[in-house]
């Protein structure tokens, strides 16, 4: 019951946070210089055309009225209409979030597959050659810019070896997932580097704990000590880091989307900011805020599952 | 320990088998969409950004404009070389003696791609919508049109407020394309922007925003036997390198917006062709002539003398382009071929002029460039270096495009870098913008020259081509002397394609014409 109360309380706390997000994003978009109508019409737009466009965009209304329209629409689950694309923002986000979610899932799986074994291995081998090689590798992975790694992967696995398509996102689901492997791997590498470091530190710390020695001295098999005593404890700190990375990845990566020609949410937001398409920016940032808050709540809940000392109240 | 390692390995193995099976399965179907397997059916063209609004009336930028002629056509069109107007859906036309009434004779049996016949009502609706849509940046082209009538389905009569030299050219612009009235009224602006219907060689079949547009052959196209290719898929690949790699890997047939520095390598690779297509795109420096020092014509001339345009062409365009001496493009029908390079690179001359202007030690000037525009940034850096030789200090700063544009339109800048591309074959569009003050403060330079303005206005209504040519010649000479803009270079459209692709036509105005596009 306590848990349920806690979750309800947390969900209610989300409301004022989201309200603040709407105010912030509304003000910030209007503070940056550049008139949306001007951007839309370019150098060739005449003053009359610009005035007509401003009216069409509702920019001739007071800020308060504009904010009220935005908030009112939001309460009716309406994210507004993109002036640039002439399409409802919710439709645009729906189309693009699928790409970003797929990319996030693929890179998350790849990151888990790579970082857990390597992190664990370097943790138990801390100080020796094996551990140092993994350490150096993760340092290199986190230092290399992802556009460069992405291009390198495209040249090697796409152009030279022909194993993967060179950018794009295909038509069918198998194609979608297949074409996500190179970008997923590129994105996973940066996450892996962070995770490996974190797992390695946790593992070497936990190995020194009395309860691990105690478990061994009790005669518990290695497998049990590892899964119940070491890995479970490593998970606690890793989950926080990982959930933050996932929330970050769901925000879309402009670099990865550009290099691999993926029509994801990152490019949509960039387009919205550069084109001063207020509806797109307000809509996507709002959705991000919801995602981040949801991820935080999810992390806290998973804490209580992993660590019985943590109580949800 | 051993067991767990084995389990992990097994897990990894099964995952990789799963991936590779997905891989194999999709490789066949992926290549189904790629260039090679659909030899005669589909041609894939990759560009750097998607269209936003394909409604011919509300088209926003080149990504929209260049696509319009694939599915929409008007009474007349610009010729492939962009220099004159030729028949399109109208096979001929008569002009009244007072030059105020144009009667167009429409081809028989025309149908839209959805199968409905083109009626006189459709023409009236489409042309009036193009003229009267307030938020359309292209409405200016039809501002001389007083009325449109259609005595029958194959006759369209356009009456003008005043005689206009450019009216045919204006009517050849994409916004004057015919669209079905019933469909448009039902679909509204939003509907038309997503799926416009016209009489062009192709029709929009699928549009996945930010991903691709699939054009299918229009079964009702009036030119028998055309287009030659069944489907054209225009994909979006924002990164230049990825786009070229896709072309090298045979995943696409054509890559547009090829970076200048890659043209030579692609052309010499043997597998691909790199083509520079003539365009009307001219890059120039805009000078705010309301600012101190820059309000002096001698100073502006000095700046042009101090600009080594050949070096810019060599370094920034890698030789793909030419130095510009007139603000008009050499592809413009009224470009003066005999115009002298009056302010050719000459540092001494520039220094003398600055001395005459009372600025022997030079002065400081700020140059704001749009962030992320690498060619503008390179140009700015080179100008800083070149102008330093005459003592002019250029302070470069970067701002986002939207902010640069706001400064430009409110004349709150010293100098900026801009680009112009014509949308109609006639010279009036650009000369109106650059020389008739009331429109746009003469391309937001704040400069005024009554004589040039009078010539520009006269050239708009003068119907004798020889006299017009003489007027535009005068305008170009006088404009060059006043130097409110410093033309830098003219660039081509850079396209790379497989060797077996033929019939890729892009007019100097940018419009794609894919009737004859095919794979050999």
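A compact table of results
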{"read-out": "Residue A:109, sole failed condition from (1) part of a helix (DSSP H, G or I); (2) on the phi > 0 side of the Ramachandran plot", "value": "(2)"}
{"read-out": "Qualifying residue in the stretch B:114-131 (condition: at pLDDT below 95 and buried (at least 24 other Cβ atoms within 10 Å of the Cβ))", "value": "no"}
{"read-out": "Qualifying position, being outside any loop (DSSP other than H, G, I, E, B), surrounded by 19 or more Cβ atoms within 10 Å (Cβ to Cβ) and within 13 Å of chain B (Cβ to nearest Cβ), among A:195, A:154", "value": "A:154"}
{"read-out": "Check on residue B:282, more than 24 Å from residue B:508 (Cβ to Cβ), buried (at least 24 other Cβ atoms within 10 Å of the Cβ) and modelled with pLDDT of 90 or more", "value": "no"}
{"read-out": "Per-region count, the stretch B:397-438, residues under 13 Å from residue A:33 (Cβ atoms), more than 7 Å from every other protein chain (Cβ to nearest Cβ) and buried (at least 22 other Cβ atoms within 10 Å of the Cβ)", "value": "1"}
{"read-out": "Residues that are under 29 Å from residue B:475 (Cβ atoms) and crowded, with 17+ Cβ neighbours inside 10 Å, drawn from the stretch B:352-362", "value": "B:353, B:354, B:357, B:359"}
{"read-out": "Flag if residue B:441 is within 13 Å of chain A (Cβ to nearest Cβ) and modelled with pLDDT of 90 or more", "value": "yes"}
{"read-out": "Qualifying positions in the stretch B:313-346 - assigned to a helix (DSSP H, G or I), surrounded by 20 or more Cβ atoms within 10 Å (Cβ to Cβ) and out of contact with any strand residue (DSSP E or B) (no Cβ under 6 Å at 6 or more places or on another chain)", "value": "B:316"}
{"read-out": "Flag if residue B:394 is in contact (Cβ under 8 Å) with a residue 24 or more places away in the chain, farther than 30 Å from residue B:463 by Cα, in contact with a strand residue (DSSP E or B) (Cβ under 9 Å, 6 or more places away or on another chain) and within 12 Å of chain A (Cβ to nearest Cβ)", "value": "no"}
{"read-out": "Matching entry among B:387, B:420 (being assigned by TED's automatic domain parsing to the domain that holds residue B:465 and within 29 Å of residue B:136 (Cβ to Cβ))", "value": "B:420"}
{"read-out": "Selected residue [in contact with a helix residue (DSSP H, G or I) (Cβ under 7 Å, 6 or more places away or on another chain), buried (at least 18 other Cβ atoms within 10 Å of the Cβ), within 14 Å of chain A (Cβ to nearest Cβ) and under 19 Å from residue B:501 (Cα atoms)] from B:272, B:247", "value": "B:272"}
{"read-out": "Test set (1) touching a strand residue (DSSP E or B) at 6+ places or on another chain (Cβ under 6 Å); (2) surrounded by fewer than 23 Cβ atoms within 10 Å (Cβ to Cβ) - residue B:188 fails condition number", "value": "(1)"}
{"read-out": "Filtered residues of the stretch B:226-244 (kept if more than 23 Å from residue B:491 (Cβ to Cβ), crowded, with 18+ Cβ neighbours inside 10 Å and within 14 Å of another protein chain (Cβ to nearest Cβ))", "value": "B:233, B:235"}
{"read-out": "Condition broken by residue A:106, with the remaining ones in (1) away from every other protein chain (no Cβ under 14 Å); (2) touching a helix residue (DSSP H, G or I) at 6+ places or on another chain (Cβ under 8 Å) satisfied", "value": "(1)"}
{"read-out": "Meets criteria (assigned to a helix (DSSP H, G or I), surrounded by 15 or more Cβ atoms within 10 Å (Cβ to Cβ) and away from chain B (no Cβ under 11 Å)) for residue A:225", "value": "no"}
{"read-out": "Which numbered condition residue A:88 fails, given (1) surrounded by 14 or more Cβ atoms within 10 Å (Cβ to Cβ); (2) out of contact with any strand residue (DSSP E or B) (no Cβ under 6 Å at 6 or more places or on another chain); (3) within 14 Å of chain B (Cβ to nearest Cβ); (4) at pLDDT 85 or above", "value": "(2)"}
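The values are calculated or read from the model by the stated rules, or taken from the named source; none is laboratory data. This one's a predicted model, so the numbers in the text were calculated from it and none came from an experiment. Glycine also receives a Cβ, built like all others from the backbone with ideal geometry; neighbour counts cover every protein chain displayed.
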